[in-house]
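Just below is one structure, and these are the notes that go with it.
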Amino acid sequence: MIPILRIFSVEKAKEFYVGFLGFKVDWEHRFEENSPLYTQISLGGLVLHLSEHHGDGCPGSTVFVKVTGLEACHTELLRKNYTYLRPGIETEPWNAKSVQVIDPFGNRVRFNEYLK
C-alpha cells in the first residue's frame, strides 16, 4: 500500500518532504509539460506518492508510520531549523511515543514508536 497525498505546490512539497524530512525523489511524472505533477518519494522503507491532480488524495489526510529510533529522528528534525514547524514528542495512550509533522497542505505524517 502506498498512500497518495494531495499537494498544491511542487516547490513547497519539495522544501518540506525533501529538505526538511529527508525524503528522496524516486521519480516524477507529468502527462505534458504544463500538467499536474505526480511523484514518488521515499525515506528508508517508507514510500509516498504526492499528487497535484484533482481527485487524488484528500487534503488533510494522515499517514501513520511505525518507526524505531524516534528520539534521534526528532533531534535531527529540530537541527534542520525548518521555519514552519517545530514538532514535539508526544506520549500516546497506546504505549507509544510519536512525532507528528504537518505538511504545507494540511497532510499529517505521524511517526510512531511503540515502547517495550
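Listing for the model above:
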| quantity | calculated |
| --- | --- |
| Net lengthening on full extension, Leu43/Leu115 (0.36 nm per residue, minus Cα-Cα) | 23.7 nm |
| HN-Hα J in Hz across region 67-76 - Karplus 6.51, -1.76, 1.60, θ = phi - 60°, x for Gly and Pro | 9, 10, x, 4, 5, 5, 4, 4, 4, 5 |
| Net lengthening on full extension, Val18/Glu92 (0.36 nm per residue, minus Cα-Cα) | 23.9 nm |
| Highest-fluctuation residue, Gly106, Gly55, Gly19 considered, GNM on the chain with Cα pairs under 10 Å | Gly55 |
| In Hz, Karplus ³J(HN,Hα) per residue of region 48-59 (6.51, -1.76, 1.60; θ = phi - 60°; x = Gly, Pro) | 10, 10, 10, 9, 8, 6, 4, x, 8, x, 10, x |
| Net +/- balance of residues flanking Cys73 in space, Cβ distance below 13 Å, scoring K and R +1, D and E -1 | +2 |
| Protection proxy ranking of 24-34, 92-102 - average other beta-carbon atoms within 10 Å, highest first | 92-102, 24-34 |
| Taking only Cα atoms of the chain, radius of gyration then Dmax in Å | 14.6, 50 |
| Selected from Asn112, Pro93, Leu78, residue furthest toward positive end of dipole (region 4-114; charges at beta carbon) | Pro93 |
| Cα→Cβ-extended label distance, 7 Å offset, between Arg30 and Glu11, nm | 1.4 |
| Under 12 Å, Cβ to Cβ, from Lys12 - net charge with Lys/Arg +1 and Asp/Glu -1 | -3 |
| Sorted by Cβ density within 10 Å, fewest first, the residues Ile2, Ile7, Ile89 | Ile2, Ile89, Ile7 |
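Bear in mind these aren't lab numbers, they're just calculated from the coordinates by the rules spelled out. Please read these numbers as outputs of a predicted model, since none were measured by experiment. Cβ atoms come from the backbone with ideal geometry, glycine included; neighbour counts cover every protein chain shown.
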